[in-house]
Amino acid sequence: MPDVRAAIIPVTPFQQNCTLLWCEKTKKAAVVDPGGDLDRIREAIRQSGVTVEKIILTHGHIDHAGGAAELREELGIPVEGPHEADRFLLDRLAEQGRNYGFEARPVTPDRWLNEGDTVTVGDLTLDVLHCPGHSPGSVVLVSKDQRFALVGDVLFQGSVGRVDLPGGDGKALIRSIKDKLLPLGDDIAFICGHGPMSTIGQERQSNPFLQGEGLL
Ligand SMILES: [Zn+2]
Ligand SMILES: [Zn+2]
């Protein structure tokens, strides 16, 4: 069974958790959500001694996708994800950057992801869940073997993704979490786009957005 490792690299003024995820057996890695601050990402790659074989995007917001085009060009590797419903966000990364005062380039992924697809990193296989709500094309990546997930901005420790940005939908977000994430099992640990890690069980029990009907 592949042994999964991760290094979290906070990037951009939004302190987004860019994640270098790798398979310890093959030392092959993916950079998940390179929003910016590529110098820090390059340093993490160097320190871990892995070979990056792809970039994975959980969704199209600038703090997650803003550095993807440059990193793809530099490393000559493909970009996989998010779901195509976030194309409008990825097309407008340069404008998003101007609004927030940092540079970003638009990016068109080499592969859009759909519910039920799988993404590999070395010998590791991640299942794709399409979880709209925070953005229409948000995806969550789950390793059922390793009991581990990357949830982007869908779910946080004690909170959920904001739904007031273009394409946001509060009801869809809660449905995504309740129908797709909670059934994965309480023992699943997850890295989210901002803030500390958590587990599905901790959020099921104590996240205020998931209690009762929990509709935003
Ligand atoms: Zn976001
Ligand atoms: Zn974010």
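Derivation of every value follows stated rules applied to the coordinates shown; laboratory data play no part. Just so it is clear, the model here is predicted, and its values are computed rather than measured. For neighbour counting, all protein chains shown are included, and Cβ atoms are generated from backbone atoms with ideal geometry for every residue, glycine included.
Could you check how many residues of segment 15-50 are part of a loop (DSSP other than H, G, I, E, B) and either out of contact with any His (no Cβ under 7 Å at 6 or more places or on another chain) or of a type in the set (S, T, N, Q) (or both)? Steps first, please.
Kept after step one, since they are part of a loop (DSSP other than H, G, I, E, B), are these residues of segment 15-50: 15, 24-27, 33-37, 49-50.
If we keep only those that are either out of contact with any His (no Cβ under 7 Å at 6 or more places or on another chain) or of a type in the set (S, T, N, Q) (or both) as well, we get 15, 24-27, 34, 36-37, 49-50.
Number of matching residues: 10.
Just the residues that are in contact with a Phe, Trp or Tyr (Cβ under 7 Å, 6 or more places away or on another chain) and part of a loop (DSSP other than H, G, I, E, B), please, taken from segment 121-164.
Passing the criteria: 122, 151.
Right, residue 92: farther than 17 Å from residue 22 by Cα and either within 16 Å of ligand 2 (Cβ to nearest atom) or surrounded by fewer than 20 Cβ atoms within 10 Å (Cβ to Cβ) (or both) or not? It would help to see each step written out before you state the result.
On the way: farther than 17 Å from residue 22 by Cα: yes; either within 16 Å of ligand 2 (Cβ to nearest atom) or surrounded by fewer than 20 Cβ atoms within 10 Å (Cβ to Cβ) (or both): yes.
Judged against the criteria, residue 92 is a match.
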